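*Asks:* Handing you a structure now.
Each reported figure results from applying straightforward, stated rules to the coordinates on display, with no laboratory input. Not measured: the values here are computed from a predicted model. Using ideal geometry, Cβ is built from the backbone for each residue, glycine included, and neighbour counts are taken over all protein chains shown.
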Amino acid sequence: DAGVIQSPRHEVTEMGQEVTLRCKPISGHNSLFWYRQTMMRGLELLIYFNNNVPIDDSGMPEDRFSAKMPNASFSTLKIQPSEPRDSAVYFCATPASTGELFFGEGSRLTVL
Amino acid sequence: DQQVKQNSPSLSVQEGRISILNCDYTNSMFDYFLWYKKYPAEGPTFLISISSIKDKNEDGRFTVFLNKSAKHLSLHIVPSQPGDSAVYFCAAGSDYKLSFGAGTTVTVRA
């Protein structure tokens, strides 16, 4: 299994532009998490899906952020419009049955 | 509100010596605890875990200690090796949700 696959690995964009980050979870894992890593706050949970349904989006910072999971093998995190303070590394993760998370390699976003 | 805190942003240790990383949490509902290791440009990888019914779990050079009354856990790495240089995240969870600390950067000196 290739693990959790994220794209793009790096994204540089200008303030106000739309950003779409993509995640392909491990096949057969029914849950998916989006996390954001910053220097100040470490890893923060943004949203959690179970069986493609958003269960907890309390970590989504504001309405500019949205996430979808149209099927079990794909999820997107969208920021529109993007702002410089959104610059961070965004991780997608899926859980093992024992509770630990498998993370993708992350998408590093820079908003100028 | 940070429910999991790693108060030391960095740690430098000589190769062969022990590395001790500390983590405090505030939520008494957390019932499992994990440590993750992260190299630059990679995602965090699971290292070791402990459930709230235990106070120690050992896996090779890595040992995690849990003190529930103090809401404190620690990770011991002995002996430390150059390949252990990385960022270490402490995480605590209940149900589906994991809360992470801000991380501690460990540098192992030759």
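*Asks:* Kindly write out, for the stretch A:15-29 in residue order, the coupling ³J(HN,Hα) from the Karplus curve 6.51 cos²θ - 1.76 cosθ + 1.60 (θ = phi - 60°), rounded to whole Hz, with x marking Gly and Pro.
*Replies:* Using θ = phi - 60°, the values come out as 3, x, 7, 7, 10, 10, 9, 10, 9, 10, x, 5, 4, x, 7 Hz.
*Asks:* Picking from B:Asp24, B:Asp95, B:Asp59, which is most flexible by a Gaussian network model of chain B using Cα springs under 10 Å?
*Replies:* B:Asp95
*Asks:* Same structure, new question: Quick one: Karplus J couplings for the stretch A:107-112, per residue in order, coefficients 6.51, -1.76, 1.60, θ = phi - 60°, nearest Hz, x for Gly and Pro?
*Replies:* My calculation for the stretch A:107-112 gives 10, 8, 9, 10, 10, 8 Hz in order.
*Asks:* Counting pairs of Cα atoms in the protein assembly as shown, how many percent are more than 28 Å apart?
*Replies:* Of the Cα pairs, 30 percent sit more than 28 Å apart.
*Asks:* Here's another thing I want to ask about it. Pairs A:Lys24/B:Lys5; B:Lys5/B:Lys54; B:Lys5/B:Lys38: which are spaced more than 23 Å apart, C-alpha to C-alpha?
*Replies:* A:Lys24/B:Lys5
*Asks:* For the stretch A:12-112, what relative contact order do you get, as a whole percent, if you take Cα pairs closer than 8 Å and at least 6 residues apart?
*Replies:* Taking the mean separation of contacting Cα pairs over the length of the stretch A:12-112, I get 35 percent.
*Asks:* Could you list the GluC sites (Glu not before Pro) in the stretch A:16-112 that lie in coil according to DSSP, counting only those with at most 13 other Cβ atoms within 10 Å of their Cβ?
*Replies:* Sites meeting the loop and neighbour criteria: A:Glu18, A:Glu62.
*Asks:* Out of all DSSP beta bridges in chain A, what portion is antiparallel? Express it as a percent rounded to 5.
*Replies:* Just about 90 percent of them are antiparallel.
*Asks:* Between B:Leu11, B:Leu73, B:Leu34, find the one with the highest GNM mean-square fluctuation for chain B; connect C-alpha pairs within less than 10 Å.
*Replies:* Largest GNM mean-square fluctuation: B:Leu11.
*Asks:* Taking square-rooted eigenvalues a ≥ b ≥ c of the alpha carbon gyration tensor, is chain B rounded, prolate or oblate, where a/c under 1.5 means rounded and, failing that, a/b exceeding b/c means prolate?
*Replies:* Taking the square roots of the gyration eigenvalues as a ≥ b ≥ c, chain B is prolate.
*Asks:* Whole-Hz Karplus ³J(HN,Hα) for the stretch A:59-65, in order, using 6.51 cos²θ - 1.76 cosθ + 1.60 and θ = phi - 60°, x for Gly and Pro?
*Replies:* Per-residue couplings from phi come out as x, 5, x, 6, 5, 5, 9 Hz.
*Asks:* In angstroms, what radius of gyration and Dmax does chain A have, counting Cα atoms only?
*Replies:* 13.1, 41
*Asks:* Which residue fluctuates most in the GNM of chain A (Cα springs below 10 Å): A:Ser87, A:Ser75, A:Ser27?
*Replies:* Of A:Ser87, A:Ser75, A:Ser27, the Gaussian network model singles out A:Ser27 as fluctuating most.
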